[in-house]
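Structure first, then comments.
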Amino acid sequence: MGKSILSTKKIFLFWAPLAATWLMMSVEGPFLAALIARLALPKYNLAAFGVAFSFALIIESPIIMLMSASTALVNNRHDYCTLRSYTFMLNSAITVFMIIGLIPTVFHFITQGLIGLPPNIAHLTHVASLLLLPWPAAIGFRRFYQGLLIKNNLTRLVAYGTVIRLVFMASTAFFLYSLRITGAYIGAAALSTGVIAEALFTKFTVRGTVRSILRSENENDNKEKLNFRSISKFYFPLALTAILALGVHPMVTFFMGKSHFPIESLAILPVVNSLIFVFRSLGLSYQEVIIALLGANKENYEGVKKFALYLGAFLLVTLSLILFTPLLHIWFLKVSGLSFELAQFSILPARILVILPLLTLLISFQRALLVHTTETGPIKGASVIEIIMIIFTLYITVFQLRLPGAVAAAISYMVGRLFANSYLLPSQLKAIAFIKQKK
């Protein structure tokens, strides 16, 4: 197989703005958790914010892959207009679904009846969820337009948008913090404000790219024109992957409510997950890079694979240095602002998750290869396997082994991801063989 025409340096320069974007987004969780931990009733508010955020994630999940879709599918005016209409349809559907879920009777059936939250935490969660109502749809529009920027090698504008998001998020959080507003409400309001600002900024910056697309011609496309049916065939496996991946958070929340130390587990899970997500985000950011840079004839495969190996080594070594040294205590006590009791409770779950960022990078690599070869079906199967194994492992660890909820959750995340990676391995090898054949 020939040498990649893309150097490691060129890949890094393309990836860096996207990585910075994901890193900046990953800062939101630790930042908001640190503020909430320094206000009244931190345990209850951290738990409520974590549950509300989990609900918002599952509502958001059908539109999270729009970035990959617009990166891969939009080549001309017709493609753009069709996928934009598809985006409007999805955003409208998830917003209506979230409104139904926020009806008090429905919401309290879920939080108190199914999860078993105490009434005070359920109330905090309901108000926080109301404040998050605009969040999913704003993310849908933002990711659709960001895909166009990535496809046109304008990744720096994606990073600028994230800066705008963080500025508005942090400003809102500090302002409400100065008023001593309830912690869970601060977190939800800050997230919504930030992502709305980012969506508006992205819509503004993508105008030139959209004008260029609208001027493009369609007649030199020999392929069947993009329509809702062809988009759905491509997109549903990706959307289902996101639904299952993000939908697992409410499922984990349900098991946490039934576990040993339920309030402590619900309180520290957002903090632990935020730390791990800082490193997972670097792997997640690489998926769109592979899709965009692999090349029409897959000529850059060796280059993107080599960069992935370097990135994987960096993730494992750096996270291990934090989790197995006194830096971990500094993070939980000084940065996150947890009490000594909650900080001690967080250590084991965090250490169990040490290789999760590496496995996230691997699954991003696997998914990107399949998206680029338009064989997205196995991605759906891997997601189904992952969530089944997470639920099965949660059942065993919570109800049979009676482990603390946060420890059970960490073990379950690891088991599920390992099974998903293993399931995708044959399809990955098949895609690699196809790429070598193309070359």
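The values are calculated or read from the model by the stated rules, or taken from the named source; none is laboratory data. In this text, all values refer to a predicted model and were calculated from it rather than measured experimentally. Note that each Cβ is placed from the backbone with ideal geometry, even for glycine, and that neighbours are counted across all protein chains shown.
Report every pair of residues separated by at least 6 positions or lying on different chains whose Cβ atoms are under 8 Å apart, first residue within the range 234-250 and surrounded by fewer than 19 Cβ atoms within 10 Å (Cβ to Cβ), second part of a helix (DSSP H, G or I) and among the basic types (Lys, Arg).
Note: pairs meeting the criteria are Phe236/Lys380.
Just to verify a result, which residue in the range 172-204, among those that are farther than 27 Å from His123 by Cα and in contact (Cβ under 8 Å) with a residue 60 or more places away in the chain, is surrounded by the fewest Cβ atoms within 10 Å (Cβ to Cβ)?
The extreme case among them is Lys203.
Return yes or no: is Tyr310 modelled with pLDDT of 80 or more, of a type in the set (Phe, Trp, Tyr) and surrounded by fewer than 22 Cβ atoms within 10 Å (Cβ to Cβ)?
In short, yes.
Could you tell me which residue of the range 349-377 is nearest to Glu288 (Cα to Cα), considering only residues that are in contact with a Pro (Cβ under 8 Å, 6 or more places away or on another chain) and not small (Gly, Ala, Ser)?
My answer is Leu370.
Which one is surrounded by the fewest Cβ atoms within 10 Å (Cβ to Cβ), of the residues in the range 279-293 that are in a helix (DSSP H, G or I) and hydroxyl-bearing (Ser, Thr, Tyr)?
My answer is Ser281.
So in the range 338-362, with the set limited to residues that are surrounded by 20 or more Cβ atoms within 10 Å (Cβ to Cβ) and part of a loop (DSSP other than H, G, I, E, B), which one is nearest to the chain's Cα centre (by Cα)?
Per the criteria, the residue is Leu353.
Restricting to the range 222-272, name every residue that is among the charged types (D, E, K, R) and in a helix (DSSP H, G or I).
Of everything in the range 222-272, those that are among the charged types (D, E, K, R) and in a helix (DSSP H, G or I) turn out to be Arg229, Lys233, Glu264.
Test each condition in (1) surrounded by 24 or more Cβ atoms within 10 Å (Cβ to Cβ); (2) among the aliphatic types (A, V, I, L, M); (3) modelled with pLDDT under 95; (4) farther than 18 Å from Tyr44 by Cα for Ala159 and report the one that comes out false.
Here Ala159 clears every test but (1).
For the range 342-358, how many residues meet the condition of being touching a residue at least 24 places away in the same chain (Cβ under 8 Å), of a type in the set (A, V, I, L, M, F, W, C) and closer than 15 Å to Ile263 by Cα?
2
Could you grab me the full set of residues in the range 68-127 that are β-branched (Val, Ile, Thr), surrounded by 14 or more Cβ atoms within 10 Å (Cβ to Cβ) and not in a helix (DSSP H, G or I)?
The answer is Val74, and nothing else.
For the range 374-394, does any single residue satisfy the condition of being assigned to a helix (DSSP H, G or I), more than 30 Å from Ala40 (Cβ to Cβ) and among the acidic types (Asp, Glu)?
yes
Out of all the residues in the range 294-305, is one or more over 28 Å from Phe49 (Cα atoms), among the aliphatic types (A, V, I, L, M) and outside any helix (DSSP H, G or I)?
Yes.
Scanning the range 75-88 for residues that are in contact (Cβ under 8 Å) with a residue 40 or more places away in the chain and under 22 Å from the mean Cα position of the chain (by Cα), which turns out farthest from Phe236 (Cα to Cα)?
Arg84
For the range 147-171, give me the residue count where each residue is aliphatic (A, V, I, L, M) and outside any helix (DSSP H, G or I).
1
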